[in-house]
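A.B. asks: Structure below; questions to follow.
The values are calculated or read from the model by the stated rules, or taken from the named source; none is laboratory data. Treat the numbers as computed from the prediction; the structure is a model and nothing was measured. Note that we place each Cβ from the backbone using ideal geometry, even for glycine, and neighbour counts take in every protein chain shown.
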Amino acid sequence: MVLWSLIANSGTLARMPVPTERPLSPHLTVYKWAYTMTLSILHRVSGIALFTGLIGLVFWLVAVAAGPAAYAGASALTGSAPARILIALALLALCYHFCNGLRHLAWDIGWGFERAQARRSAVIVVVVTLLAAAACVYALLRSTAGSA
């Protein structure tokens, strides 16, 4: 705080020249579309989907804690076809976000930056995501079919 007040009171920040025309940051229209852009955008979208799915999970947990009547209502809602589709999409988002997160961790330690390696890891992420999501959805549907 003392350092900041010294810097702020020195007037250094107020006297800095501000350029009238700032350079624009590169955006989607500047670059040629690439698979890495698609996977990056999907990673962000899957994060948003996971947050939305978390809201649904909290709703279900609150219903479980609220008692048998609330749980029965939540079970009827989550057992509907639209809810099952949303749960399947949330599982797909979870699998993708996890797999692509591992890919990013590999990049953080310096692995997989070469073009061929990046393409190979992209294909691996997509294939593993689809297989894992299919296994999760199958397990979920199998467990709910047995309890009905």
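A.B. asks: Go through the stretch 86-105 residue by residue and tally those that are more than 18 Å from ARG120 (Cβ to Cβ), under 9 Å from the mean Cα position of the chain (by Cα) and crowded, with 18+ Cβ neighbours inside 10 Å.
C.D. replies: 3
Conditions tested, residue by residue: (1) more than 30 Å from ALA133 (Cβ to Cβ); (2) polar (S, T, N, Q); (3) at pLDDT 95 or above.
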{"residue": "LEU6", "(1), (2), (3)": "yes, no, no"}
{"residue": "ARG15", "(1), (2), (3)": "yes, no, no"}
{"residue": "ARG22", "(1), (2), (3)": "yes, no, no"}
{"residue": "MET37", "(1), (2), (3)": "no, no, no"}
{"residue": "PHE51", "(1), (2), (3)": "no, no, yes"}
{"residue": "GLY56", "(1), (2), (3)": "no, no, no"}
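A.B. asks: Sort out which residues of the stretch 106-125 are within 30 Å of ARG84 (Cα to Cα) and surrounded by fewer than 17 Cβ atoms within 10 Å (Cβ to Cβ), and write them in order of number.
C.D. replies: VAL123, ILE124
A.B. asks: Right, another one. Which one of ALA72, ALA76, ALA83 is more than 20 Å from the chain's Cα centre (by Cα), modelled with pLDDT under 95 and part of a helix (DSSP H, G or I)?
C.D. replies: None of the others qualify; the one that does is ALA76.
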